[in-house]
Number of protein chains: 2
Amino acid sequence: MIIVKLGGSVISDKNVEKSFHEDVVSQIASEIAQFYPKEDFVIVHGGGSYGHPLAKEYNLREGIEPNPDSKRIGFSKTHQVMLELNEKIIDLFLEKNLPAFSVSTSSVFITEGGSVAYGDVKVIKRLVELKFIPVLFGDVAIDLEKGIDVLSGDQIITYLTKMLKPRKVVFLMDVDGIYDGKPGEGSLIWELKVREIDSLIERLSGAAGTDVTGGIVNKLREAKEIAQFSEVWFVNGKIAGRLSGAIMGDGFGTRIKG
Amino acid sequence: MIIVKLGGSVISDKNVEKSFHEDVVSQIASEIAQFYPKEDFVIVHGGGSYGHPLAKEYNLREGIEPNPDSKRIGFSKTHQVMLELNEKIIDLFLEKNLPAFSVSTSSVFITEGGSVAYGDVKVIKRLVELKFIPVLFGDVAIDLEKGIDVLSGDQIITYLTKMLKPRKVVFLMDVDGIYDGKPGEGSLIWELKVREIDSLIERLSGAAGTDVTGGIVNKLREAKEIAQFSEVWFVNGKIAGRLSGAIMGDGFGTRIKG
């Protein structure tokens, strides 16, 4: 099994409300179609310019208090707009005869402290056994402490990796991989060992951009956890062939090994 | 807590593809708004002319075999069309400031023999505690025997009633309640005791119309189970005031008591 993360900035332009890169997602689906059904896939996508603006407007990360009436409405609206984005991805996959199936993150996972505290993966497991391609997404979530929170696609992947033990996790980004410095400025890191991640995080802290669910530093923190269970790749999702390369193991990008 | 079932034939014209009775659902939302937040609600709606035609076209009730490739596509498409219907309902509730929140049935429940075999209701419970109004729907589902199946709104309600112990379950239909004979022909039953249901089912068998998830006879079978845990009402969802009557306890329709 391979888990593929479609980064929000790959499928969408974060600065243009409800923008969707149909050509990019279509290309990604084509590459997956080259390996399915021999290989099993689980897809997780980010919020891009769909979920983030609403989550921010309603300040969902703060929890249900204060203004619970407004928070509840914002919580529901954010989920609906994520379903709207999710549907576009499902449709493109179905067009290529890939049986992508939407799984609503918020119906399954409960968070605590920004991570998944609990989530039953029985349905997702059975879907994969039946040769479906479950498609999850960054979403709102019930939270044990704050009542509500936002759950990032990256956090979902960390949890799924522990539960499903994929042989590979591929993060599709809008840059070529992890850089030793600012993306495009520092040099691309081809191979990273788990024990090197902490010092890299220290060097990068403050240099990366931010979004509601955290930027590259958070991604590296997740990668460190994930790499205990699976090989991890960071590749450019906007360039044809990069995902295939990561799947085949001779890809252009950053590979993290345990 | 009150569980309200919006029957497929109440919210939609089953004979007109993708028809949606916006005025009816808006009226239902207004009536619920009179009792929320003092009263907790869980909503379950049927497929109407959204889910049923696709489920039939792809013969989903038969399971994943034969033609698993086609079945998988149909399974995903049926879920997407149910999300489309669900969104219309969520939107109308949000317009009335009711914090309806979409819960994807297929992400949570696994079926066996047409009933829910398994389904974790933690998220639904927490949503209600936080004063959300979870909105579930008849949907496709992973099945333990057949791989896939269709799960009716009525079956979901039976399961939720056992797990959540609501004080009342109200089924909104397009007729005035349960009739002793064909709807509109036989006489309306005002009160039905659980022990009388079996003989009524015998008399009605064959008289009612059918849909993919069963008609009135199936509904009565569910009602018999549900009535062990909760008061049950069958009222006309297309007529203003009937839902309110059932909620207040002096309604026009059929009441089933344990």
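The values are calculated or read from the model by the stated rules, or taken from the named source; none is laboratory data. Quantities reported herein were computed from a predicted structural model and do not represent experimental measurements. Quick reminder, even Gly has a Cβ in these numbers, built from the backbone with ideal geometry, and neighbours come from all protein chains shown. Just the protein is used for accessible areas: all its heavy atoms, side chains included, with ligands, DNA and RNA removed. Shrake-Rupley method; radii C 1.70, N 1.55, O 1.52, S 1.80 Å.
For this structure, a couple of remarks:
- Rounded to the nearest 20, the Cβ-based charge dipole of region A:49-172 about its Cα centre (Lys and Arg +1, Asp and Glu -1) stands at 620 debye.
- Note on B:I133: accessible area approximately 0 square angstrom, rounded to 10, probe 1.4 Å, nucleic acids and ligands left out.
- Loop-located trypsin sites (Lys or Arg not before Pro) in region A:1-97 whose Cβ has at most 16 other Cβ within 10 Å (DSSP): A:K18, A:K38, A:K96
- Remark: relative contact order (chain A) = 22 percent; criterion is Cα-Cα distance under 8 angstrom and separation of 6 or more residues.
- Residue-level accessible surface for A:E129, protein heavy atoms, 1.4 Å, Å²: 120 Å²
- Residues losing 40 Å² or more accessible surface upon assembly, region B:128-144, compared with the chain by itself, 1.4 Å: B:L130, B:F132, B:I142
- Evaluated with a Cβ-only charge set (Lys, Arg +1; Asp, Glu -1), chain B carries a dipole of roughly 600 debye about its Cα centre, given to the nearest 20.
- Accessible surface of B:R126 - all protein chains present, 1.4 Å probe, nearest 10 Å²: 70 Å²
- Furthest towards positive pole of dipole, B:P99, B:P53, B:Q27, structure part chain B, Cβ charges: B:P99
- Estimated 222 nm signal from helices in the protein assembly as shown, with DSSP H stretches of n ≥ 4 weighted -39500 (n - 2.57), rounded to 500: -12500 deg cm²/dmol
- Cα centroid separation - region B:130-182 against region B:231-255, whole Å: 17 Å
- Take each residue in B:87-97, count the other chain C-beta atoms within 10 Å of its C-beta, and the mean is 2.
- Contact with the other protein chains removes 50 Å² or more of accessible area, compared with the isolated chain and a 1.4 Å probe, from these residues of region B:44-78: B:R72, B:I73, B:S76.
- Gyration tensor verdict on chain A (Cα atoms; rounded if a/c is under 1.5, prolate if a/b is larger than b/c, oblate otherwise): rounded
- Cross-link partners of B:K56 among lysines, defined as those whose alpha carbon lies under 19 angstrom from its own and excluding same-chain residues fewer than eight positions apart: B:K14, B:K18, B:K71, B:K77, B:K146.
- For the protein assembly as shown, the convex hull spanned by the alpha carbon atoms encloses 133 Å³ per residue.
- Think of each Lys and Arg Cβ as +1 and each Asp and Glu Cβ as -1; about the Cα centre, that makes the dipole of the protein assembly as shown roughly 880 debye.
- Interface of B with A. Using a 1.4 Å probe and counting protein heavy atoms only, the two chains hide about 3400 Å² of accessible surface, both sides summed.
- Other residues within the sphere of radius under 9 Å centred on the Cβ of B:G153, judged by their own Cβ, net out at -1 (K and R +1, D and E -1).
- Heavy-atom accessible surface of the protein assembly as shown: percent carbon and sulfur, 1.4 Å: 46 percent
- Beta bridges by DSSP in chain B, antiparallel share as percent, to the nearest 5: 35 percent
- Å² of accessible area per residue within chain A, as computed with a 1.4 Å probe and no ligands counted: 38 Å²
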